[in-house]
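> Before I ask anything, here is the structure I am working with.
The values are calculated or read from the model by the stated rules, or taken from the named source; none is laboratory data. Nothing here was measured: the structure is a model prediction, and the numbers come from that model. Here the Cβ positions follow ideal geometry from the backbone for every residue, glycine too, while neighbour counts run over all protein chains shown.
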């Protein structure tokens, strides 16, 4: 077992069972301990009234400042609409090779696209996004393998097409960075 720890830092109202399922998937994929912590943050200062979204760059910096010193990596989990200045929206963001990432559930639900709710589907999408962003913190870049979790996802349909696992090439790169 890898002695490293990944912390899932929950901002908002997430069901404990939902977070535990994500924790299990992250622990399995990264072969390390995963802890779940709750955090509080007034999001008002991160809201851009012109875009009616939350600034991902600023939230990433804030999560970094709050990151748990005993963790190798920390990912902040949100349920708000995120953006960065050059993109209309993002599912998540990470510091490449750094200790911190963020991911949001907001645009992953079927209801946003006029489709009936599906709890299993939203869980799978969020797992993939979290593993993807954490992959970036371990220096992994976007992959061109269709099913690799590190493939770039512009749309929710892109997330659907990939697995919640690394392809063999990305797995080898991950192992060398661990």
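> If we keep just the residues of the stretch 102-139 that are touching a strand residue (DSSP E or B) at 6+ places or on another chain (Cβ under 9 Å) and part of a loop (DSSP other than H, G, I, E, B), which is surrounded by the most Cβ atoms within 10 Å (Cβ to Cβ)?
Among residues in the stretch 102-139 that are touching a strand residue (DSSP E or B) at 6+ places or on another chain (Cβ under 9 Å) and part of a loop (DSSP other than H, G, I, E, B), the one surrounded by the most Cβ atoms within 10 Å (Cβ to Cβ) is 138.
> Which residues, counting only those in the stretch 59-85, are over 16 Å from residue 133 (Cα atoms) and modelled with pLDDT of 95 or more?
Across the stretch 59-85, the qualifying residues are 62, 80, 81.
> Counting just the residues of the stretch 32-62 that are out of contact with any helix residue (DSSP H, G or I) (no Cβ under 7 Å at 6 or more places or on another chain) and assigned to a helix (DSSP H, G or I), which one comes out surrounded by the most Cβ atoms within 10 Å (Cβ to Cβ)?
So, considering only residues that are out of contact with any helix residue (DSSP H, G or I) (no Cβ under 7 Å at 6 or more places or on another chain) and assigned to a helix (DSSP H, G or I), the one surrounded by the most Cβ atoms within 10 Å (Cβ to Cβ) is 56.
> Here is a further query. Taking the stretch 15-31 on its own, how many of its residues are closer than 17 Å to residue 134 by Cβ and part of a loop (DSSP other than H, G, I, E, B)?
1
> Only one of (1) surrounded by 15 or more Cβ atoms within 10 Å (Cβ to Cβ); (2) more than 22 Å from residue 7 (Cα to Cα); (3) out of contact with any helix residue (DSSP H, G or I) (no Cβ under 7 Å at 6 or more places or on another chain) is not met by residue 162, so which one is it?
(3)
> So is residue 75 in contact (Cβ under 8 Å) with a residue 40 or more places away in the chain, within 16 Å of residue 14 (Cβ to Cβ) and surrounded by 18 or more Cβ atoms within 10 Å (Cβ to Cβ) or not?
In short, yes.
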